[in-house]
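The structure appears below as structure tokens.
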Amino acid sequence: MTEIWLIRHGETDWNRARRLQGWQDTPLNAHGINQARRLAERLERDATSGPFEAIYSSDLRRAHDTALPVAERLGLRVRSEPGLRERCYGVLEGVTMDRMDAEQPEAAAAWKSRDPDRLLDGGETLRQFHNRVVATVDDVAERHHGGRVLLFTHGGVLDIVWRHAHGIPLTHARDAALLNAGVNRVAVENRRWRVMGWGDIAHISTLAADDIVP
């Protein structure tokens with residue numbers, strides 16, 4: 001059995017604006033940087049009960065920069081893993097949630113339909129995204145059988161992990177907590193997934209949104 005700890009990146013300005021990011025390489029904002037710092041402190045404490053073997057991160061900088069403070073505290077390097085990227089939303093990237101129907105009506109309809117095989121102009125279908133995420137997590141789990149591994153990733157990826165572990169169809173609406181800098185733990189054995197814990201943000205629950213790094 002492999003323990004996979006999945007972390008969503010810290011906050012970005014696009015998160016606050018409710019703007020779809022996808023493969024756009026947006027940076028953490030000041031609050032997100034503070035979230036990453038608090039997360040690193042928490043994971044350093046967690047490592048005393050059992051070491052982490054490796055750190056993998058999406059190659060997008062909002063995930064990578066969330067992983068860096070953790071890597072420094074744990075004495076590990078961040079391994080870039082493009083398979084952990086957010087879903088590619090094509091023409092919807094950069095569009096705010098409240099403007100997508102007006103600006104990209106066809107793509108917005110495709111995205112909202114939750115049809116796994118419906119094409120999204122310039123982006124991935126939901127099934128393509130699902131298959132990429134599942135294959136990546138299974139591959140990491142096999143590489144580190146019996147170990148504990150950190151994966152830094154995105155909200156859409158966490159949604160796929162939650163669904164796959166619980167057998168929830170892609171067509172169903174999202175119902176998982178997808179929290180910035182939250183800790184989500186999954187056990188993987190023989191390609192069977194089980195959620196051990198989800199949406200843990202105790203380490204940042206007292207962090208005010210307007211806090212800035214000194």
Work out the length of the dipole vector of the chain about its Cα centre, built from +1 on the beta-carbon of each Lys and Arg and -1 on the beta-carbon of each Asp and Glu, and round it to the nearest 20 debye.
-> 400 debye
Among DSSP beta bridges whose residues both lie in the range 2-206, state the antiparallel percentage, nearest 5.
-> 50 percent
Positive-end residue of GLY83, LEU68, ALA141, charge dipole of the range 60-142 with Cβ unit charges = LEU68
Along the charge dipole of the chain, Cβ charges K/R +1 and D/E -1, which of THR125, LEU28, TYR56 sits furthest on the positive end?
-> TYR56
Accessible surface, 1.4 Å probe, highest first, among residues ARG192, ARG174 | ARG192, ARG174
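Place the peptides 67-79, 105-117 in order of packing, highest mean first, counting for every residue the other Cβ atoms within 10 Å and averaging per peptide. Mind dumping the intermediate values first?
Values: 67-79: 17.4, 105-117: 14.9.
Order by mean packing, descending: 67-79, 105-117.
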Taking every Cα atom in the chain, find the radius of gyration and the maximum pairwise distance Dmax, and write them in Å.
-> 16.7, 51
Simple label model, 7 Å out from Cα along Cβ direction - LYS112 to ASP25, nm = 3.3 nm
Contact order relative to length for the range 2-206, counting C-alpha pairs under 8 Å separated by 6 or more residues, stands in percent at 32 percent
What does the helix-only formula give at 222 nm for the chain: each DSSP H stretch with n ≥ 4 adding -39500 (n - 2.57), the total divided by the residues, and the result rounded to the nearest 500 deg cm²/dmol?
-> -11500 deg cm²/dmol
Residue-normalised value, i.e. accessible area per residue, for the range 26-108 at 1.4 Å probe, in Å², stands at 44 Å²
Counting only residues 5 or more places away or on other chains, whose amide H sits under 5 Å from the amide H of THR12 once H atoms are built in the peptide plane?
-> ASN29
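Share of the range 115-200's accessible area from carbon and sulfur, percent, 1.4 Å? Write out the running numbers ahead of the final one.
Values: 1740 of 3770 Å².
Roughly 46 percent, rounded to a whole number.
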Inter-probe distance in nm under a simple model that places probes 7 Å from Cα toward Cβ, at ARG194 and ILE168 = 2.0 nm
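The values are calculated or read from the model by the stated rules, or taken from the named source; none is laboratory data. Everything numeric here is computed off the predicted structure, so don't read it as measured data. Here the Cβ is made from the backbone with ideal geometry for all residues, glycine too, and neighbour counts use every protein chain on show. These accessible areas exclude ligands, DNA and RNA; they are computed on the full protein's heavy atoms, side chains included. Shrake-Rupley method; radii C 1.70, N 1.55, O 1.52, S 1.80 Å.
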